[in-house]
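Accompanying notes for the structure given below.
The values are calculated or read from the model by the stated rules, or taken from the named source; none is laboratory data. Quantities reported herein were computed from a predicted structural model and do not represent experimental measurements. All Cβ positions, glycine included, derive from the backbone under ideal geometry; neighbour counts span all protein chains shown. When the accessible area is computed, the model is the full protein with side chains, heavy atoms only, and any ligands, DNA or RNA have been set aside. Shrake-Rupley method; radii C 1.70, N 1.55, O 1.52, S 1.80 Å.
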Amino acid sequence: MPTSARVLTGINTTGSPHLGNYVGAIRPALRASQKENVQSFYFLADYHSLIKCQAPERVHRSTLEIAACWLAAGLNPEHVTFYRQSDIAEIPQLCWLLTCVAGKGQLNRAHAYKAAQDKNAAAGRELDDGVTAGLFMYPVLMAADILMFSADQVPVGRDQVQHIEMCRDMAASFNHLYGNGRELLHLPEALVDEQVALLPGLDGRKMSKSYDNTITLFGARELMRRQIMSIVTDSRAPGEPKQTEGSAIFDIYRAFAEPEETAAFAREFEQGIAWSEAKEKLFARIDAEIAPMRERYAELMAHPQQMEDILQAGAEKARAVAAPLLHELRSAVGLRAMSAPLAAAADESAAERAAAPVFKQYREKDGLFYFRLATAQGQTLLQSKAFAQPREAGQAIARLKKEGAAALAPLAAQLEPAPDEAALHAALQALLDAE
Ligand code: TRP
């Protein structure tokens with residue numbers, strides 16, 4: 001039997017899902033979880049929600065609603081491991097271990113953090129104004145979510161790909177420092193589905209909360225109907241042929257219907273169906289899929305204890321995976337029982353060497369020679385300017401190794417300004433000490 005891939009996804013617990021989320025994220029995730037040979041882990045990312053939302057009642061209510069939403073949409077907790085992040089105490093513990101290997105410079109470059117800074121800059125405020133350490137650390141917590149379960153694949157939107165790359169970097173650093181050649185933490189792949197339907201909203205733009213053009217998912221049936229009846233159309237009268245292209249009504253219909261139904265709907269457009277009738281048909285088609293789920297949703301919301309039981313059972317399954325791995329990781333970093341055998345001190349200097357910064361010499365496309373000094377985490381501490389000959393680069397490196405920071409001033413003309421003087425000095429000192 002082929003070994004199964006482990007797929008893991010975090011579900012944001014803020015806001016209430018609309019039809020666009022259902023078609024773009026929920027439905028494809030549920031379909032993927034039904035495949036053979038996948039082991040799915042789906043969790044409510046409620047620790048993450050504290051970054052965005054500091055209203056306790058809203059945090060609680062959203063978590064409840066989102067859990068009900070996924071269960072009502074068909075998530076089968078027997079088949080997938082469905083849990084709440086905050087029930088797994090191992091996750092924040094791993095988060096700390098990763099915090100201690102994550103490069104701060106790398107976190108500085110995270111899109112979400114940079115966007116917050118850009119906004120402040122544009123408003124003429126202090127760059128870190130109102131930025132919490134939680135927002136800054138978001139990628140580390142997300143890495144812990146993923147690495148705690150040795151996920152192979154992480155289905156995410158485009159905007160999250162950078163976070164997966166950071167996760168891989170943290171795992172690689174950790175393995176390099178502590179693994180002794182073993183892959184203690186498994187490097188995941190991002191899975192970006194280019195096929196997922198982007199649903200247009202009421203005004204024809206992408207359906208999104210920020211455009212205020214959404215159609216409710218499990219809100220009242222009458223509300224869904226009213227919203228559908230308000231979709232913007234052109235002014236063609238009943239009887240006039242209508243274009244399917246660019247019609248939000250047609251595009252949304254297609255996201256729910258079988259190909260034959262969609263073809264029949266296109267013929268009705270040609271034959272001049274009235275917009276009001278097209279909207280009624282669209283509502284009926286969506287409602288056929290959603291109505292049973294809406295009922296289940298209401299049922300779950302009326303019985304929150306049922307959901308609590310489901311999540312507790314899920315947490316137990318999740319912890320059975322997380323606890324043994326965390327135990328191993330704690331031991332790997334040296335958090336051990338007092339009675340554990342003491343290893344020879346030689347192991348430690350090996351790890352220190354592994355963590356030492358390294359010089360890298362390379363040739364660029366311009367045909368010239370360069371070097372840089374980088375940390376084990378890949379962060380550049382020092383970048384050279386171009387040398388015509390590799391020997392010249394080699395000599396500069398030799399001098400830095402021999403003299404340390406004292407060589408910086410005489411070599412200044414051949415070096416770019418260092419991004420972080422203090423880190424550079426510390427690294428050069430460490431190289432001197434290791435000689
Ligand atoms: N950051 C993800 C999002 O905004 C949610 C998330 C949290 C997540 N932890 C995760 C997704 C781990 C995948 C894996 O969509």
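Worth a mention:
- Here the condition is being among the charged types (D, E, K, R) and outside the structural domain of SER276 (by TED's automatic domain parsing); of ARG226, ARG221, ARG158, ARG236, it holds for ARG158 alone.
- Evaluated against (1) open to solvent by 10 Å² or more (accessible area, probe 1.4 Å); (2) more than 13 Å from the ligand (Cβ to nearest atom); (3) of a type outside the set (Lys, Arg); (4) in the same structural domain as HIS18 (by TED's automatic domain parsing), LEU202 falls short on exactly one condition, (4).
- Of all residues making up the stretch 299-328, the number that are hydrophobic (A, V, I, L, M, F, W, C) and loosely packed, with under 13 Cβ neighbours inside 10 Å: 2
- Candidates ARG221, ARG236 - the one that is closer than 14 Å to ILE290 by Cα, out of contact with any strand residue (DSSP E or B) (no Cβ under 8 Å at 6 or more places or on another chain) and charged (D, E, K, R): ARG221
- No other residue among TYR22, TYR47 is open to solvent by less than 20 Å² (accessible area, probe 1.4 Å) and either within 16 Å of the ligand (Cβ to nearest atom) or not assigned by TED's automatic domain parsing to the domain that holds ILE66 (or both) apart from TYR22.
- Subset of the stretch 101-120 that is touching a residue at least 40 places away in the same chain (Cβ under 8 Å) and more than 15 Å from the ligand (Cβ to nearest atom) - its residue that is nearest to GLY157 (Cα to Cα): GLN106
- The listed residue being outside any helix (DSSP H, G or I), more than 12 Å from GLU189 (Cα to Cα) and in contact with a Leu (Cβ under 8 Å, 6 or more places away or on another chain), out of PHE149, PHE174, PHE136: PHE149
- The residues of the stretch 68-88 that are more than 15 Å from the ligand (Cβ to nearest atom) and small (Gly, Ala, Ser), listed by number, are ALA68, ALA72, ALA73, GLY74.
Residue-by-condition table, conditions (1) open to solvent by less than 50 Å² (accessible area, probe 1.4 Å); (2) basic (Lys, Arg); (3) over 14 Å from PHE283 (Cβ atoms):
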position: SER208; (1), (2), (3): yes, no, yes
position: ASN213; (1), (2), (3): yes, no, yes
position: ARG225; (1), (2), (3): no, yes, no
position: VAL232; (1), (2), (3): no, no, yes
position: ARG236; (1), (2), (3): no, yes, yes
position: ILE252; (1), (2), (3): yes, no, no
position: GLU260; (1), (2), (3): no, no, yes
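- Restricting attention to the stretch 85-118 and to residues that are open to solvent by less than 40 Å² (accessible area, probe 1.4 Å) and among the charged types (D, E, K, R), the residue that is farthest from VAL333 (Cα to Cα) turns out to be ASP87.
- Test: GLU57 is away from the ligand (no atom under 13 Å from the Cβ) and open to solvent by 60 Å² or more (accessible area, probe 1.4 Å): yes
- Of all residues in the stretch 8-19, exactly one satisfies the criterion of being under 23 Å from ILE91 (Cβ atoms) and more than 10 Å from the ligand (Cβ to nearest atom), namely GLY15.
- Boolean, VAL161 is within 11 Å of the chain's Cα centre (by Cα), over 24 Å from GLN39 (Cβ atoms) and either more than 10 Å from the ligand (Cβ to nearest atom) or open to solvent by 40 Å² or more (accessible area, probe 1.4 Å) (or both): no
- The single residue among LEU127, LEU184, LEU141, LEU97 that is more than 14 Å from the ligand (Cβ to nearest atom) and part of a helix (DSSP H, G or I) turns out to be LEU97.
- Screening the stretch 220-236 for residues that are in contact (Cβ under 8 Å) with a residue 24 or more places away in the chain and assigned to a loop (DSSP other than H, G, I, E, B) and picking the one that is farthest from the chain's Cα centre (by Cα) gives ARG236.
Quick grid of which residues meet (1) of a type in the set (A, V, I, L, M, F, W, C); (2) surrounded by 13 or more Cβ atoms within 10 Å (Cβ to Cβ); (3) more than 18 Å from the chain's Cα centre (by Cα):
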site: ASN120; (1), (2), (3): no, yes, yes
site: MET137; (1), (2), (3): yes, yes, no
site: ILE146; (1), (2), (3): yes, yes, no
site: SER150; (1), (2), (3): no, yes, no
site: ASP169; (1), (2), (3): no, yes, no
site: LEU191; (1), (2), (3): yes, yes, no
site: GLU194; (1), (2), (3): no, no, no
